[in-house]
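> Quick one: the structure is below, and I'll ask about it shortly.
The values are calculated or read from the model by the stated rules, or taken from the named source; none is laboratory data. All values derive from a computational prediction rather than experimental measurement. Methodologically, a virtual Cβ is constructed for each residue, glycine included, from the backbone with ideal geometry; neighbour enumeration extends over all protein chains shown.
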Amino acid sequence: MPISKPHSSLGSDNKGSCSKLAIYLEKENEDLDKIIKKTSSTSDVYQLESRKQGFFNDSEINISTIEAISSIDNNKRKLGANDAKYFAPTISFSENELEHIAFIVSGKREVTSVWDFNLNEIDEFNRLIREYGRKIMDNYALNFNRQDKGINTGGDLVYFAKIEHFRKFKGIDKEVLDRKAISGTYKIGLQSHIHIIVSRKDKTQRLKLSPTCNEKSTSRTIGDNEYQVGFDRVKWINMNEKTFDKYFKYKRKELEKFKNQIILKNGSPQEKLELLNQIDAIQKTKSIRSINFNQSQKK
């Protein structure tokens, strides 16, 4: 489950207003409006309008872009001109993860696009991803280790998130560079992801919360009291992975686990070999157990 670095993106400066980013995230709704203008069927218009996405937070859905901008931009008490005012992580899913969610809502083994869903199915698909997004922000809050200051859940933060279902090829993508795709065209398959805009300050505006600080869950002592500070991004990703598996009842393969992906990407040749041998041994053990179980059931 890749998660982008929790900074501002899309060329916007997170030391100012979040308006540029929030307005940019209206792009899929704008694309739907273009289709609607060419549609004469009342039923089709309703179907398309129903697919539009508003922002959501810990307790509300269908929040307007204006409200999201206003809430983030005004939650900045005692922040200086050069301080970050917000952060913008993107929550992505693997192809297997999205196919698993799609099967939960539709019972279909092959869903190549959200257009394959009927309205009830897309509503449920969005609901499940939205609820998972809220759990991710609960993990985000906990990962600051500031429970003693009242930071326990996403409800203690000021954030707005939006689900998007499509991605387009960019000029830097390998497929474009290899001339197998054209920049600006849509990528095939399920591409759903979550964009989040989260304020630097908590809901009370008393605390600064930065996921980009250099300290990673550092232990500090003041007087006789020891406490943790800092945000550990790797820990957050691992928490989110476990939350996904539990919430969606997803049986994650060893090669899919983030901790193993890190080794395969950055580990030494010896570390990679040892990991692959461990995974092979685990898979063989599972196969033997499965065979023994099936044989016992036949008796």
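> Going through Phe117, Phe125 one at a time, which residue ends up being aromatic (Phe, Trp, Tyr), without any contact (Cβ under 8 Å) to a residue 40 or more places away in the chain, more than 23 Å from Leu157 (Cα to Cα) and surrounded by 14 or more Cβ atoms within 10 Å (Cβ to Cβ)?
Phe117
> Determine the pairs where a residue that is without any contact (Cβ under 8 Å) to a residue 40 or more places away in the chain, located within the stretch 228-257, has a partner that is outside any helix (DSSP H, G or I) with Cβ atoms under 6 Å apart, the partner being 6 or more residues away or on another chain.
Here the result reads Asp245/Arg252, each pair linking the stretch 228-257 to a residue that is outside any helix (DSSP H, G or I).
> Can I ask one more? Is the stretch 229-249 home to any residue that is of a type in the set (Asp, Glu), buried (at least 17 other Cβ atoms within 10 Å of the Cβ) and at pLDDT below 95?
Yes.
> Of all residues in the stretch 164-181, which are in a strand (DSSP E or B) and free of Cβ contacts under 8 Å to residues at least 24 places away in the same chain?
Scanning the stretch 164-181 gives a single hit, Lys168.
> Condition first: within 25 Å of Tyr186 (Cβ to Cβ) and surrounded by 12 or more Cβ atoms within 10 Å (Cβ to Cβ). Now tell me which residues in the stretch 47-73 satisfy that.
Gln47, Leu48, Glu49, Arg51, Lys52, Gln53, Gly54, Phe55, Phe56, Thr65
> Mind listing whichever residues of the stretch 260-290 are under 21 Å from Lys242 (Cα atoms) and of a type in the set (Val, Ile, Thr)?
If the condition is that a residue be under 21 Å from Lys242 (Cα atoms) and of a type in the set (Val, Ile, Thr), then Ile262, Ile263, Ile279, Ile282 are the ones that fit.
> Now for a different question. State which residue pairs qualify: first residue touching a residue at least 12 places away in the same chain (Cβ under 8 Å) and inside the stretch 76-94, second residue among the hydroxyl-bearing types (Ser, Thr, Tyr) in any location, beta carbons under 6 Å apart, and separation of 6 or more residues or different chains.
Taking only residues 6 or more apart or on different chains, the pairs are Tyr86/Ser199; Ala88/Ser8; Ala88/Ser9; Pro89/Ser4; Thr90/Ser4.
> Can you tell me which residues in the stretch 51-70 are touching a residue at least 12 places away in the same chain (Cβ under 8 Å) and of a type in the set (D, E, K, R)?
Arg51, Lys52, Asp58, Glu67
> May I ask you to verify whether Val198 is modelled with pLDDT of 95 or more, among the hydrophobic types (A, V, I, L, M, F, W, C) and surrounded by 13 or more Cβ atoms within 10 Å (Cβ to Cβ)?
Considered against the rule, which asks whether it is modelled with pLDDT of 95 or more, among the hydrophobic types (A, V, I, L, M, F, W, C) and surrounded by 13 or more Cβ atoms within 10 Å (Cβ to Cβ), Val198 comes out as yes.
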